[in-house]
Amino acid sequence: MATISAQQLKEKLDSKENLFLCDVREPFEYQEDNISGSVNIPLGQLSQQLKIIPKEKLVITICAHGIRSKRAQEFLSQQGYKALTLVGGLKEWKEVY
């Protein structure tokens, strides 16, 4: 399974690894809370917004609990991106960080 834990993501962010954080929640959810540096591309708009997602970066998909982001990760992988989904989503991230 192509996943990353909150702790692993924190380590990658701390080491300044070349990541693209793709938050696939709806804009109102994103505005309430998000991971700093993430880009909001709602799941329903992902296929139309591929051009703004850099293929040379590891893409981390994020949502509230990990369900929508898993679908996004699977779609992006099919499109040739290297993508991982944040296990437990923003809920898990907030519990750890």
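Every number in this text was worked out from the coordinates using simple rules, so none of it is lab data. A quick note: this is a predicted structure, and the numbers were derived from the prediction, not measured. When we count neighbours, we look across all protein chains shown, and the Cβ atoms used for this are built from the backbone with ideal geometry, even at glycine.
Using only the Cα atoms of the stretch 56-97, build the gyration tensor, take square roots of its eigenvalues as a ≥ b ≥ c, and label the shape rounded, prolate or oblate: rounded if a/c is under 1.5, else prolate if a/b is larger than b/c, else oblate.
Working: a/c = 4.18, a/b = 1.89, b/c = 2.21.
Oblate is the answer for the stretch 56-97, as a/c is 1.5 or above yet b/c matches or exceeds a/b.
Each of 8, 20, 62 was placed along the dipole of the chain (beta-carbon charges, centred on the mean Cα), and the one lying farthest toward the positive end is 20.
Under the simplified labelling scheme, the residue 45-residue 15 pair shows an inter-label distance of 3.3 nm, with each label point 7 Å from Cα along Cα→Cβ.
Overall, the chain carries a charge dipole of about 320 debye about its Cα centre when +1 sits on the Cβ of Lys and Arg and -1 on the Cβ of Asp and Glu, all other atoms neutral.
Here are some pairs, 55/91; 10/91; 10/70; 51/94; 57/91; 55/94; which of them have Cα atoms lying more than 22 Å apart in this structure? Walk me through the intermediate numbers first.
Working: 55/91 27 Å; 10/91 14 Å; 10/70 19 Å; 51/94 29 Å; 57/91 24 Å; 55/94 28 Å.
Check vs 22 Å cut-off fails for 55/91; 51/94; 57/91; 55/94.
Calculated over the chain, the projected area of the Cα convex hull averaged across directions stands at 5.5 nm². Annotation: for a label point projected 7 angstrom from Cα along Cα→Cβ of residue 79, residues of the stretch 12-28 with backbone N closer than 19 Å are 19-27. What is the extension gain from residue 65 to residue 94, computed as 0.36 nm multiplied by their sequence separation minus the C-alpha to C-alpha distance, in nm to one decimal? Once the chain is fully extended between residue 65 and residue 94, it gains 9.3 nm. Per-residue packing, averaged as other Cβ atoms within 10 Å, sorts the ranges 71-77, 61-67 into the order 61-67, 71-77, beginning with the highest. Couplings 3J(HN,Hα) for the stretch 68-77, derived from phi with the Karplus relation 6.51 cos²θ - 1.76 cosθ + 1.60 (θ = phi - 60°), are 5, 5, 5, 5, 5, 4, 4, 4, 5, 4 Hz, where x marks Gly and Pro.
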